[in-house]
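Colleague: Please see the structure below; I have some questions.
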Amino acid sequence: MRKYIKTAVLTVIAIISAACQRDFDLTYHEIVPLTVIEAELTPDGIRAGITRTTPMDEPMNRSLLTDAIVTLTDITDGVQYYLMADADGYFTDPTPGIEGHVYRLSVERNGEIFQAETTMYPPTEIIDIRFNWINMPYDQVAVLQGQFLDNPSVNGDCYWIKLYRNGEIYMWKELDDRSAVNGIGTFFTITTRRDTTEEDDDTVLFDGDIITMTIERISRSMHDYLEALQNDSNGPALFSGPRCLGYFTATSPSSASITFHPDDIPVFQ
């Protein structure tokens, strides 16, 4: 297993150096302004934000729209909930999502109806999170490795990894189970350089910073949507009805944290 992990680290480092997206910024590219729906159902309830895309030649407008009728239907149980806009402009309901149930989110606005359906996924167990220094020609870089359980009897499981630095989003990445070995999935990403004077604010880590890794199991269509966003595309349509952008997920996030202490991190051999 150690031989495999060492090979995987070196391989993934090369890939990450060229392809890792460091910001949690679901940026949509220039098109005629469209409705954007971003909604997530968890065991804590549902929160949905509605915005509009902004033309590239205009200032970014992230204002949330509240002039809509938003419902969540538990198709499995046949129960419907009307979501109410909170003080921040998000449509919410505290009813917990139930693992294995199928849900439909419906948004009606200006005579248009957008709908998306998904199954509520169970949590994914995180079994390890650690840092290693990797020697690079220009400096040492700290690589964060997270490992989690993946069901080896099921092919095609997909995941959304989010990293937070002291509670603020740091970077994110989607992945699937093709790299899992013996029921263990592994996530690698480059974080900070040893010489912090050569880093920028987006990536630098200082002694005492807390990194939290959150993992969510997601559908293949959601994985492909996130992958497209990282490749300068608006991604496949996840809602039926008139064209719109965004997503609806139903999942149970799992989290684990580690404190960055550069002097305590081993050098990967």
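The values are calculated or read from the model by the stated rules, or taken from the named source; none is laboratory data. It should be emphasised that the depicted structure is a prediction, and the values quoted were computed from it without experimental measurement. When we count neighbours, we look across all protein chains shown, and the Cβ atoms used for this are built from the backbone with ideal geometry, even at glycine.
Colleague: For region 11-31, indicate whether the set of residues that are at pLDDT below 90 and farther than 30 Å from Phe187 by Cα is non-empty.
Modeller: Within region 11-31, one or more residues are at pLDDT below 90 and farther than 30 Å from Phe187 by Cα.
Colleague: Condition first: closer than 30 Å to Leu34 by Cα, hydroxyl-bearing (Ser, Thr, Tyr), touching a helix residue (DSSP H, G or I) at 6+ places or on another chain (Cβ under 9 Å) and in contact (Cβ under 8 Å) with a residue 40 or more places away in the chain. Can you find one or more residues in region 121-138 that meet it?
Modeller: No, that holds for no residue.
Colleague: Filter region 103-142 for residues that are of a type in the set (Phe, Trp, Tyr) and at pLDDT below 95 and give the result.
Modeller: Within region 103-142, just Tyr138 meets the criteria.
Colleague: Right, here's the next one. Can you name the condition, by its number, that Pro122 falls short on among (1) within 22 Å of Asp202 (Cβ to Cβ); (2) touching a Lys or Arg at 6+ places or on another chain (Cβ under 9 Å)?
Modeller: Condition (1) is where Pro122 drops out.
Colleague: Name the residue that is surrounded by the fewest Cβ atoms within 10 Å (Cβ to Cβ), counting only residues in region 227-269 that are charged (D, E, K, R) and touching a residue at least 40 places away in the same chain (Cβ under 8 Å).
Modeller: The extreme case among them is Asp263.
Colleague: Scanning for something surrounded by 15 or more Cβ atoms within 10 Å (Cβ to Cβ), touching a residue at least 40 places away in the same chain (Cβ under 8 Å), farther than 24 Å from Met136 by Cα and polar (S, T, N, Q), does region 186-200 turn up at least one residue?
Modeller: No, because not a single residue in region 186-200 is surrounded by 15 or more Cβ atoms within 10 Å (Cβ to Cβ), touching a residue at least 40 places away in the same chain (Cβ under 8 Å), farther than 24 Å from Met136 by Cα and polar (S, T, N, Q).
Colleague: Being buried (at least 18 other Cβ atoms within 10 Å of the Cβ), assigned to a loop (DSSP other than H, G, I, E, B) and modelled with pLDDT of 95 or more narrows it down to one residue among Gly97, Gly89, Gly146; which is it?
Modeller: Gly97
Colleague: Considering only region 81-91, I want to know if a residue exists there that is in contact (Cβ under 8 Å) with a residue 40 or more places away in the chain and in contact with an Asp or Glu (Cβ under 8 Å, 6 or more places away or on another chain).
Modeller: No, the conditions are met nowhere in region 81-91.
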